[in-house]
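The values are calculated or read from the model by the stated rules, or taken from the named source; none is laboratory data. Predicted model, so just to flag it, every value in this text is computed and none were measured. With ideal geometry, Cβ positions are generated from the backbone for all residues, glycine too; neighbour counts draw on all protein chains shown.
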4 protein chains.
Amino acid sequence: MVGYKFMGKAHSNAYKQVNMFFDPDAEVVMKAICGRDEQGVKAAAEKFGWEGYETDWRKLVKRDDIDFIDINAPSDAHKEIALAAIAEGKHVFCEKPLALNLSDAREMLAAAEKAGVKHGICFNYRFLPAVQLAKKIVDSGKLGEIHHYRATYLQDWLVDPETPLAWRLKKEIAGSGAHGDINAHSIDLARFLIGEFDRVIGHNRTFVKERPVLESSSGLTGTGSATEKGEVTVDDATAFLADFKNGAMGMFVASRFATGRKNHNTFEIHGSKGTIRWDLENLNELQVYFREDEPELAGFRRVLATEPEHKYAGNWWPTGHIIGYEHGFVHIAYEFVQHLASGSPFAPTFEDGVRCQEVLEAVDLSIERGTWVSVEEV
Amino acid sequence: MVGYKFMGKAHSNAYKQVNMFFDPDAEVVMKAICGRDEQGVKAAAEKFGWEGYETDWRKLVKRDDIDFIDINAPSDAHKEIALAAIAEGKHVFCEKPLALNLSDAREMLAAAEKAGVKHGICFNYRFLPAVQLAKKIVDSGKLGEIHHYRATYLQDWLVDPETPLAWRLKKEIAGSGAHGDINAHSIDLARFLIGEFDRVIGHNRTFVKERPVLESSSGLTGTGSATEKGEVTVDDATAFLADFKNGAMGMFVASRFATGRKNHNTFEIHGSKGTIRWDLENLNELQVYFREDEPELAGFRRVLATEPEHKYAGNWWPTGHIIGYEHGFVHIAYEFVQHLASGSPFAPTFEDGVRCQEVLEAVDLSIERGTWVSVEEV
Amino acid sequence: MVGYKFMGKAHSNAYKQVNMFFDPDAEVVMKAICGRDEQGVKAAAEKFGWEGYETDWRKLVKRDDIDFIDINAPSDAHKEIALAAIAEGKHVFCEKPLALNLSDAREMLAAAEKAGVKHGICFNYRFLPAVQLAKKIVDSGKLGEIHHYRATYLQDWLVDPETPLAWRLKKEIAGSGAHGDINAHSIDLARFLIGEFDRVIGHNRTFVKERPVLESSSGLTGTGSATEKGEVTVDDATAFLADFKNGAMGMFVASRFATGRKNHNTFEIHGSKGTIRWDLENLNELQVYFREDEPELAGFRRVLATEPEHKYAGNWWPTGHIIGYEHGFVHIAYEFVQHLASGSPFAPTFEDGVRCQEVLEAVDLSIERGTWVSVEEV
Amino acid sequence: MVGYKFMGKAHSNAYKQVNMFFDPDAEVVMKAICGRDEQGVKAAAEKFGWEGYETDWRKLVKRDDIDFIDINAPSDAHKEIALAAIAEGKHVFCEKPLALNLSDAREMLAAAEKAGVKHGICFNYRFLPAVQLAKKIVDSGKLGEIHHYRATYLQDWLVDPETPLAWRLKKEIAGSGAHGDINAHSIDLARFLIGEFDRVIGHNRTFVKERPVLESSSGLTGTGSATEKGEVTVDDATAFLADFKNGAMGMFVASRFATGRKNHNTFEIHGSKGTIRWDLENLNELQVYFREDEPELAGFRRVLATEPEHKYAGNWWPTGHIIGYEHGFVHIAYEFVQHLASGSPFAPTFEDGVRCQEVLEAVDLSIERGTWVSVEEV
């Protein structure tokens, strides 16, 4: 695994939990974690339960005792590491976004396909029990024909203008702001649940144009005093309308300026026969409405997806005991490990990473042009 | 009608709305409203749409052009007025509580039955669409055998010790505090929904024992400066456990000290097949759960009782347009008027007032004794 | 008053309630209600409490004993009636939309201004206590600089393809579908709360293109058997993005196909200091978040706008007793009557009707063109 | 550790997570897990990450390489194992209930105190961030004087009469039903949050008196066909009223027959200055109301206890990322390990187990007698 910060911790935890709570056909052996700072990565290896560590990912990808590489490094490093790992015939699992731009993403997909290695991208929210239930409901036809898809992904960690300039706010490292970071999740969930995008049009904002630069930055914050200000080169918020290929109308907004909303990742889908609604802040619940219910008793049901009937829930605790954010990582890790071990089908792959990137770029292009942009055009 | 304050206004409004939104078999003609203060009652008569007014209820009950008397006076006057009206052969409709104590209430019921007049008591919450739906669900057997009934009626208007000593806090006028005022509603709803009480045990508190006496008090407050303190002679909160005759376990709490709860009148009923829950603060909604729903899709439904299928809702506005507190009065007034006009069945009557009073007094007796008290014993 | 159906009933009720629950400087005298069908309008006049009725609005607007005309007729008749009333020097209060198109609306505004009569448009939702509180919070600066405004107005009464072709689905009578009927309310609330629109871009759908034509249609439904199908000539759903003049990003969606949503008229406003959220289905509540709250205790507050501190709430019932949909009409009627009686300021006027129509038409133009349209352009 | 089923898994996971997400002063080394079935315990040891296993707890408690023993065996085995471990000078951490009855619990406490070993009991819910926040708010005086404490712990896994007779339904093994299993949690939270009980009175039910006996039972269910029925010897539901020593009124209900409620462990505390409310089904949230808030803006706040300011939350994920049921075990394990390693204060201890048992038995005694029972009496 490359990277040992927020996502490195989440992924390490996931592999450990897979062994404890699931029965994959192959056990996960956590060989080595990799980071540039030897002291930091050594500590992480011990704490997170890795057998060893490396400080140079070029060495990591060449090790014979390693079958697959999990890439959690900052977004600007994804492509180079992935291509090297693929060249060594390793299977690869990559954090989103796949790359800083669409052409890089396509290059990665082509390389993986050519090499015949297995590949995955970490759209973890697909694997929460309530989202799996949503997918099952849509696929069963219980919602009927889909008319509306609306998603929000709202956070507020940037609303304070004194929040420092983290790497996520620099275009050259992050590629994009709220759009690439969190609209990416909403786009993937929409594709997962109701299918492909046809055309889009959007607008965006960078509400605070300059922020303090700290001596050392880490994750969403940093340390040291702010000696100067630096320019924010990504969007604080991006919203867009979409037409889907199946005729549905779509509406998306991602913002890091939505005061009071901490992780308000929601979708609401209206079909001719029913509606479902989900919110990451109550990730164990799915709101469900069926028109076929007796009229005087119809209403949104709050389904608690913690029962034995719900996918993955039975691997954890008895009825009514909720799980948290990190469990999505455990489930996706389990599915990918199963995919490697037994050849069971797996999505999302690099192709889903490319499809998501196409929509992201079509939105950016629509903002530049001020008109609708067909996703096929980019 | 006797009384022109809070309840007088609510009842006057109800009669006017009955004519506009319903089609009773007889039109309501609002003859006269009665109060001791001529200036006040005259203004009220004009404002509320009464043809005339009286300052002496003894004259009111003797008027030949009046068929029925609605009694909204303070609780200590209910009995005398009702008996006089009944003696004149008038039909009577009385605010709750029927009387200050059980023996008075029984006397009123006996008089009404003997005289053969029609009688009703204003347990208005029975007549909200969501509560009617609750009743229909229970009666249909959709909840199965009832195991649990829990009710709260929580307010917080007394939590400030400087809130003055209103008439509702004096035992000789109000008869009781939170217990008689708001547990009474919960008891009536429980009887309406699942049937009779078997035995009870409770406890209570008067958290603030003395309060400022204002020069003039009106409704829940008053005017003028507080020259002295007076003793609070009723309970601030009363809670009790109950066994129902059908075997269900019951739990009730009424408080005027539940900080933050304004009008939190709720019930939750668990049966072997389902559960329902209601809250007056969202009175248009009923939460409903059915065990027979497909397990992976079962959940509490938020049923908005504003649809044409819901009783009374169709008399108001189109789908999804909510109604408020006062509409319960309109509906009970409509049903009582229909009862007078066409002989359609009507409850709650004075008998329901007596039954409710029995439970209230059994609870008080249980507090005195420290043991369970059978309702039949009082 | 012209019109005696859904809106006619709501407005009649409002005038009656104004007299009972408010103290306007002039009493409302309900002179005459007007409709083409004599039997129908006569019955309505009696039921709703009007002194008389007319079957020809041309006669109504000429009557000397009438000071102001309330226009509730179908949208295609608004202009002609209003111009005639204005020509007679009557004050006018008109249901929304002001007219079928922008040029008609502008003509009505110009006529009213030239004649010097007072004019109002029935954007009733402005006058609910929780919305008044929202306005007060925004104006006080407690939300800081506004970044995001999102509104939904979702209903589902058309999702059944067998729902008949009501007048609201014909462009020549209604002017527009969900857009003009319910986006109009959202646009007005946005203007009321945060100010003017700069530019917009939208998309729309007519999901069901043909519907059964009933022999007689009334309100949202009709009677008789369906002998043929007729074309739906308005939108079932319209969504759009907006930039506001103050820099905020806006997002709007109106639909009659949002299964399970009955009257889901919501707004959520994110500012640099706080957020507010409101939903018509729980119209007494306002969700409020303040960044200045102690961090470990910050959270969305559910403010129940039923307390004496909240505008209009004190005119109704004690603390915690909720009101319903129709009360917004009572409050706007009170304010307009006060405006007539005492010259107190009043909005929304015909000018607000025109402003709203401009945004509606800019959205339609943007749909036609596929590009952003400046509101000033239309 | 003794026991490897539901609780064994939860505790094993906790120890692993402590090492990864916390920095205790001593690392947890997971030496051995113990169970009677060698195949089962061996598999568990591997899966859960233990170095070895034992099939006889008598051998386990004698091992020199083990400092503390975690007891997860069925309730009837707690005492014997704990006394043996204490006799060997091991520190002990025990699942609740401490023992099958009060005298056993007292004997365990006395033994632990006499031996000077450290002891803890697994009231895990104390250690959720939202509950820690509740404690901090109460202790800070922000709620003022406490007037009301109400708790529910509602599940529905027994409502189906065909649910088999698990060990939890046999008095000789489980000691008690819903009362000892889940009222125990509510009693502990009440003591933790507002202090000691004075007197209690309760009632209970066993709604289904006989259930199928399966060939082999495990956890809440079992396998094989039901050849006969066996008697349920514990309560399905127990409710009680309480007076607290600080004068507050208390109300508790535990049920396994609350249809639709999966894990509805809630408390609501009303004080003279504020109110808090919590629900395990949304365990990351605390509802908070303060009277000192500006009246027109006062309302229940939904505080998401996932922020860096909230205890333990910072050890997991960034702002707004929720945690689940099992995290309470990780936190209590961390605190107990710290207690062993550094002597930091720790509660709940065996003394808390005894106090809880006293209340449980006082309630049972009150049910037997039909009168209030002072907790000091048992």
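In region C:215-232, is there at least one residue being at pLDDT 95 or above and on the phi > 0 side of the Ramachandran plot? Looking for residues that are at pLDDT 95 or above and on the phi > 0 side of the Ramachandran plot, one finds none in region C:215-232, hence no.
Here region B:223-250 is the region considered, the condition is being closer than 23 Å to residue D:289 by Cβ and in a strand (DSSP E or B), and the residue that is farthest from the other protein chains (Cβ to nearest Cβ) is B:238. Whether a residue is part of a strand (DSSP E or B), closer than 30 Å to residue C:206 by Cα and of a type outside the set (S, T, N, Q) was assessed, and residue C:78 does not pass this test. Put simply, of A:48, A:6, A:22 the only residue that is touching a Pro at 6+ places or on another chain (Cβ under 9 Å) and in contact (Cβ under 8 Å) with a residue 24 or more places away in the chain is A:6. Would you confirm, using the coordinates I've provided, whether residue C:175 is more than 14 Å from chain A (Cβ to nearest Cβ) and either of a type in the set (A, V, I, L, M, F, W, C) or buried (at least 18 other Cβ atoms within 10 Å of the Cβ) (or both)? Yes, satisfied. Condition first: surrounded by fewer than 24 Cβ atoms within 10 Å (Cβ to Cβ), within 14 Å of chain B (Cβ to nearest Cβ) and either touching a helix residue (DSSP H, G or I) at 6+ places or on another chain (Cβ under 7 Å) or among the hydroxyl-bearing types (Ser, Thr, Tyr) (or both). Can you find one or more residues in region D:122-138 that meet it? Within region D:122-138 (the criterion being surrounded by fewer than 24 Cβ atoms within 10 Å (Cβ to Cβ), within 14 Å of chain B (Cβ to nearest Cβ) and either touching a helix residue (DSSP H, G or I) at 6+ places or on another chain (Cβ under 7 Å) or among the hydroxyl-bearing types (Ser, Thr, Tyr) (or both)), the answer is yes, since at least one residue qualifies.
Is region B:268-283 home to any residue that is among the hydroxyl-bearing types (Ser, Thr, Tyr), within 25 Å of the chain's Cα centre (by Cα) and more than 13 Å from chain D (Cβ to nearest Cβ)? No, there is no match, as no residue in region B:268-283 is among the hydroxyl-bearing types (Ser, Thr, Tyr), within 25 Å of the chain's Cα centre (by Cα) and more than 13 Å from chain D (Cβ to nearest Cβ). If you check residue D:366 against the conditions, is it surrounded by fewer than 18 Cβ atoms within 10 Å (Cβ to Cβ) and over 26 Å from residue A:322 (Cα atoms)? In short, no. Screening residue A:160 on (1) farther than 16 Å from residue A:355 by Cβ; (2) more than 17 Å from the chain's Cα centre (by Cα); (3) touching a residue at least 24 places away in the same chain (Cβ under 8 Å); (4) within 11 Å of another protein chain (Cβ to nearest Cβ) shows it passes everything except condition (3).
All conditions in (1) touching a residue at least 24 places away in the same chain (Cβ under 8 Å); (2) more than 13 Å from every other protein chain (Cβ to nearest Cβ) hold for residue D:42, with the sole exception of (1). Here's a check for you: in region C:316-345, which residue that is over 18 Å from residue C:125 (Cβ atoms) and part of a helix (DSSP H, G or I) is nearest to the other protein chains (Cβ to nearest Cβ)? The extreme case among them is C:337. Tell me whether region D:192-215 contains one or more residues that are assigned to a helix (DSSP H, G or I) and touching a Cys at 6+ places or on another chain (Cβ under 8 Å). No, region D:192-215 has no match at all. Looking only at region C:288-305, count every residue that is within 22 Å of the chain's Cα centre (by Cα) and of a type outside the set (A, V, I, L, M, F, W, C) and tell me the total. The total comes to 0. Sort out which residues of region A:292-306 are more than 7 Å from chain D (Cβ to nearest Cβ), under 22 Å from residue A:125 (Cα atoms) and in contact with a Gly (Cβ under 8 Å, 6 or more places away or on another chain), and write them in order of number. Answer for region A:292-306, where residues must be more than 7 Å from chain D (Cβ to nearest Cβ), under 22 Å from residue A:125 (Cα atoms) and in contact with a Gly (Cβ under 8 Å, 6 or more places away or on another chain): A:301, A:302, A:303. Scanning region B:106-140 for residues that are part of a loop (DSSP other than H, G, I, E, B) and free of Cβ contacts under 8 Å to residues at least 40 places away in the same chain yields B:116, B:117.
Hey, any hits in region A:370-378 for a residue that's touching a Leu at 6+ places or on another chain (Cβ under 8 Å) and assigned to a strand (DSSP E or B)? Yes, region A:370-378 contains a residue that is touching a Leu at 6+ places or on another chain (Cβ under 8 Å) and assigned to a strand (DSSP E or B). In the set A:240, A:257, A:244, which member is surrounded by fewer than 24 Cβ atoms within 10 Å (Cβ to Cβ) and at negative phi? Sole residue among the options that is surrounded by fewer than 24 Cβ atoms within 10 Å (Cβ to Cβ) and at negative phi: A:244.
Number of residues in region D:149-175 that are in a loop (DSSP other than H, G, I, E, B) and within 13 Å of residue D:74 (Cβ to Cβ): the value is 3. Taking first residues from region C:262-284 that are touching a residue at least 60 places away in the same chain (Cβ under 8 Å) and within 14 Å of residue C:328 (Cβ to Cβ) and partners that are surrounded by fewer than 23 Cβ atoms within 10 Å (Cβ to Cβ) and of a type in the set (Val, Ile, Thr), the Cβ contacts under 7 Å between residues at least 6 apart in sequence or on separate chains come to C:278/C:266. Taken over region A:70-105, the residue count meeting the criterion of being basic (Lys, Arg) and touching a residue at least 40 places away in the same chain (Cβ under 8 Å) is 1. Would it be correct to say that residue B:133 is under 13 Å from the mean Cα position of the chain (by Cα), at pLDDT 95 or above and under 15 Å from residue B:287 (Cβ atoms)? Considered against the rule, which asks whether it is under 13 Å from the mean Cα position of the chain (by Cα), at pLDDT 95 or above and under 15 Å from residue B:287 (Cβ atoms), residue B:133 comes out as no. The number of residues in region C:185-204 being surrounded by 19 or more Cβ atoms within 10 Å (Cβ to Cβ) and touching a Ser or Thr at 6+ places or on another chain (Cβ under 8 Å) comes to 7. Screening region A:290-303 for residues that are more than 27 Å from residue A:155 (Cα to Cα) and not acidic (Asp, Glu) and picking the one that is surrounded by the fewest Cβ atoms within 10 Å (Cβ to Cβ) gives A:295.
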